[in-house]
Every structure is written in C-alpha cells, then in structure tokens.
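Below is one structure, written out as structure tokens, with a few remarks after it.
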Amino acid sequence: MELRHLRYFVAVAEDLHFKRAAERLQISQQPLSVQIRNLEDELGVTLFERTTRSVKLTQAGYVFLQKAKETLQLAEESVRVAREAERGERGKIVVGYISTSLYNVLPLMMRTFRETSPNVEVDLQELCFPDLQQLVIEGVLDIALIATHSYNNSFIQHHELDCLTLCREPFVVVMPKNHDLARLTEVPFQMLDNLPFIQFSVEEKRQAHDEVVSFFYHHGITLNAVQEVASEQAQIGMVAAGIGISIVSESVAKSRETDVVYRRLTEPSVDVDFNLIWQRQAPTALVERFVRVAQTQAWKSQPGE
C-alpha cells in the first residue's frame, strides 16, 4: 500500500463518485477504479457499495476513511518538519558554555535564538575549557561558548574550528571595601604580589586556575592562593568575608556590589574575549542558524550597556 492509494480512496470517499474523483485527481476513471479494487483486495474488505446509480461507503470504508485521513495528514506533517529541519528551523542543538558567559552574552543570545527558533530544542551544558573545545571537535557539542584572554588566546587557533568573538571586557580586582587598595581607582598588577588570593579550584575550573597561575608566573609576581573555590559567586563571597582578593571579569563584578569593591587591573591590563566556536567543515543548517543569531547579538552585552 502506498500513500497514493490512500489519496485515491479519500477522493472517492469524499465525492462518492468515481468520475468526479478521477477528475480531481487528474487521472482516468478506469485506472482509479482498478486501484480502489486492488486496495480492497489487499485489505481483504469491501470499502464501497457500488451500484449503477450510486457509490456508498461500507462500515469498513467509513472507519478506514478516518484513519486514511489521519495517515495522510501525518505524512504531510512529516514532510513539513523534515524540510524545516533541513533549513535549520527544527531539531536539536547541543550548546556548551562556560559559567562566566551567564553574566553577559549567553542570556541575550539564547533568548533571541529561542524567540526566532521556537521549534528547536536547545541542550545547554556547562563545562570547562579545554573540554568544550575538544567536545566540539569530536562532535559531541554542536557549538560552544568559551573565554580567551588577551595574553593567551592561541589555543582557539585550531584548524578544525571556526570562531566568532561576541564581546570583550576587562578584568578587575575585587577586594573588601576596607582593603588598602580600595583607595585606588586602578590597581597595577605588581601590587597583587603575595597578597592573599582567592583562586579557582583546579578540579572545577581548570582553565581559569591554570591561567591565573601562568599570568602571575610570567609577570614575576608571587601568587599567594589562600583559598580555592568552584564558582564565581563563591569567589566573590570569600572576598566579602575578608579572606583575600581576586580577579574577575567586569560583567561578573556586577553580580554583587555589597561588602566588596572593584578596581580596574592595569600594568598590564587584561581583557577577556567571549567566543563562539564550532566545527569548520560542513556545519549543519542548525549550527549556521545559531551562528547567524549570535552575530546579530555580538557586542551587545558589553558591561555598562
């Protein structure tokens, strides 16, 4: 049985007239009659009561008509959604992200994507770099949102990946309000030498942990890590408790302003870029759609905007 057989049957059942149904289907009446008879033989039931003057549905024909219409509607719907998926309008996309992107680019980008692509399921997964990059290369993630620092961004120059920078923001020093450095408007990096520092956990935030260690080392500054934490909120909370100082991106700084102050880090100043990465070779229509939406939102989440 083919879908065309169901269409033939529905046409005859609706018109209850073989000639009119044949005209509607744009086929000859005789082949239509043969197809209906073959359908009845295949089903093993009589669908129509035929006389020289009329055509009527049997009880079996009446029941079959309801299901035939449902089947045709389902087939049409299947074709429609398949074409939507081919255009990137429907389906599922797996997006990895770093936690700091929740403070700037991710909310706006995802809100816009959901508004423009309501039939796309988005699976968001919070992970750390370099896991995000490797999982994009392996195809486990379709796309990922990562951060790169102005003093160390070589790791995203991967021949298998494309990259789109969404925003850039500076690092700031976070300290208790009564800290000696709070009197300054900017804090030279050298002044952090050997100060009690709140550092990220190597188990939970390996990239951030290693980059802080590298940054201090390459500038000849002693890193005095007195406490390790697993999140930005814990980091700022420890600072508020007076345990030490730390460094955060400017958008994270806006998440809490009680008990702490923030000062621009200088000499050198350090910026962080938030980047979208995806496989360069043959990206899917859904990935291309996501990137287009991201391009419209790029640079709209700068601190202060």
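For segment 270-287, the tally of residues that are modelled with pLDDT of 90 or more, of a type outside the set (Gly, Ala, Ser) and farther than 15 Å from CYS163 by Cβ stands at 2. Note on segment 246-283: residues that are in contact (Cβ under 8 Å) with a residue 60 or more places away in the chain, closer than 30 Å to ARG83 by Cα and surrounded by fewer than 17 Cβ atoms within 10 Å (Cβ to Cβ) amount to 2. Remark: LEU265 matches the filter, which requires a residue to be of a type outside the set (S, T, N, Q) and farther than 27 Å from VAL94 by Cβ.
Exactly one residue out of ILE27, ILE36 is surrounded by 12 or more Cβ atoms within 10 Å (Cβ to Cβ), part of a loop (DSSP other than H, G, I, E, B) and of a type in the set (A, V, I, L, M), and it is ILE27. Could you list all residues from segment 68-86 that are in contact (Cβ under 8 Å) with a residue 60 or more places away in the chain and either loosely packed, with under 13 Cβ neighbours inside 10 Å or within 30 Å of LEU43 (Cα to Cα) (or both)? Within segment 68-86, ALA68, THR71, LEU72, ALA75 qualify. Look at (1) touching a residue at least 40 places away in the same chain (Cβ under 8 Å); (2) surrounded by 11 or more Cβ atoms within 10 Å (Cβ to Cβ) and you find that GLU42 fails only one, number (2).
Say we look at segment 87-138 and pick out the residues that are over 28 Å from GLU232 (Cβ atoms) and at pLDDT below 90; which of these is surrounded by the fewest Cβ atoms within 10 Å (Cβ to Cβ)? If we take residues in segment 87-138 being over 28 Å from GLU232 (Cβ atoms) and at pLDDT below 90, then ARG87 is surrounded by the fewest Cβ atoms within 10 Å (Cβ to Cβ).
The values are calculated or read from the model by the stated rules, or taken from the named source; none is laboratory data. For clarity, every value in this text was computed on a predicted model and none was experimentally measured. Using ideal geometry, Cβ is built from the backbone for each residue, glycine included, and neighbour counts are taken over all protein chains shown.
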